[in-house]
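Everything below concerns the one structure shown next.
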Amino acid sequence: MSIPLVSSTAANAEGSQIIGTINGVIQSINSQTLQVATSPTSLRNIVIGGDFNTNLWQRGTTFTAITNATTYTADRFYAIGGASSSISVSKQTTSDPLGFGAKLRFGRAAANADLTAITLNYIVASEDVFQMQGLPFVLSFYAQAGANFSAAANTLGITVTTGTTADEGNSAYNAGTWTGTAAVSLIGSTGTAATGVTLTGTWARYAVAGVIPAAALEVGFTLKYTPVGTAGASDFFEVAGVQLEVAPQGGVQPTPFERRPLQLERQLQQRYTQVISDAVSASSQQVIAQGGMASSTTVATIALPIAVPFRAVPVITYPTGAVGGLVFRNPLNTLSSTLVLTQALTSTAISVTAQGTSTTPVLGAAAPVALVTVGGGGTGITMSAEL
């Protein structure tokens, strides 16, 4: 939009000049508005859930006694150690570093004496690796050490690993058996070789850089430390603002941490995990799903609610048994305590069906049913398409 110009004469020269100035201002405003409207975000951060305030923490916010079994904690991040490790992971509120309302705390349980390296891991899905092939990257995060952080020289180790087959998953990653597995050579912010960073008791931002091989189809990174001695009460490190990006102009310095729109961030996490949970008291019941149907007097099925399509067909886990588990309820609001959830049938990444069976007739054929919890206490269904 602009104001039409008029012919400049001795009589209207001043007015014509004013109109020209106004049009210049209008053009500047339009240009700035267009730039803001078309470029709200560059979507450069490949890590999903790296802000632990907007991370959904769907599986819970406190995890203890983690050993050598892969244990997902904050969404998309998992912990693993040795058979005698005792890893604790928790969500902690924070006002520092500025701009982050929560942080992830990772470390050994007090008095644990196991000296096996303990690790916090993240695997990038192959669909997000293509944009990195053959390119330099920067991995960055904010971190600080707890008062009893026991790593030698306060070193937090960092590894970035690639493979040449799509989405081989965490088991092979943990074992170092990805097809074509290769450790990426890392350099620090000064351009020298780096295998880790030295933490202090004060928050700081750290970064390492490297180049992803052109043939890579999977990428994983690990933050880890090897404990020394017996753990004190604060043998941990804390981390916030984890970002992985294609290196700007091939440099080694990270760009400012990127925050995606909250709804987009939520949906990205839900492509990997969705939890239908019950957080009511032990004496209460909560409806997990409605709209089911009894196909006979001993079998009922119900479709579970799906927020967004999964990345892949999810693995379903759920509590069993009539006490503390999930059972079907008939239209008269009567619990069919013997008709318990026994199977989760998954046909696609957008359809999950729960099925319950009973050895004795407990429902009328074609009767509508709901799936409810019995006993409360946090029971629920976890649908995971994690790597």
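Entry remark, region 52-81: residues being among the hydrophobic types (A, V, I, L, M, F, W, C), in a strand (DSSP E or B) and open to solvent by 40 Å² or more (accessible area, probe 1.4 Å) number 1 in total.
Residue pairs whose Cβ atoms lie under 6 Å apart, sitting 6 or more positions apart in sequence or on different chains, and linking a residue in region 180-206 that is closer than 23 Å to residue 103 by Cβ and of a type outside the set (Lys, Arg) to a partner that is open to solvent by 60 Å² or more (accessible area, probe 1.4 Å) and not in a strand (DSSP E or B), are 203/96. Scanning region 206-264 for residues that are open to solvent by 30 Å² or more (accessible area, probe 1.4 Å) and under 21 Å from residue 170 (Cα atoms) gives 213, 215, 217, 224, 226. Filtering region 297-318 to residues that are open to solvent by 50 Å² or more (accessible area, probe 1.4 Å) and not β-branched (Val, Ile, Thr) leaves 303, 305, 307, 309, 311, 318.
Exactly one residue among 101, 191 is of a type outside the set (S, T, N, Q), over 27 Å from residue 68 (Cβ atoms) and over 22 Å from the mean Cα position of the chain (by Cα), and that residue is 191.
The residue of region 201-221 that is nearest to residue 248 (Cα to Cα), among those that are in contact with a strand residue (DSSP E or B) (Cβ under 9 Å, 6 or more places away or on another chain) and not in a strand (DSSP E or B), is 212.
The values are calculated or read from the model by the stated rules, or taken from the named source; none is laboratory data. Small disclaimer: the values here were computed from a predicted structure and weren't measured. Cβ atoms come from the backbone with ideal geometry, glycine included; neighbour counts cover every protein chain shown. The protein model used for the area step is the full one, side chains on, heavy atoms only, and it has no ligands, DNA or RNA in it. Shrake-Rupley method; radii C 1.70, N 1.55, O 1.52, S 1.80 Å.
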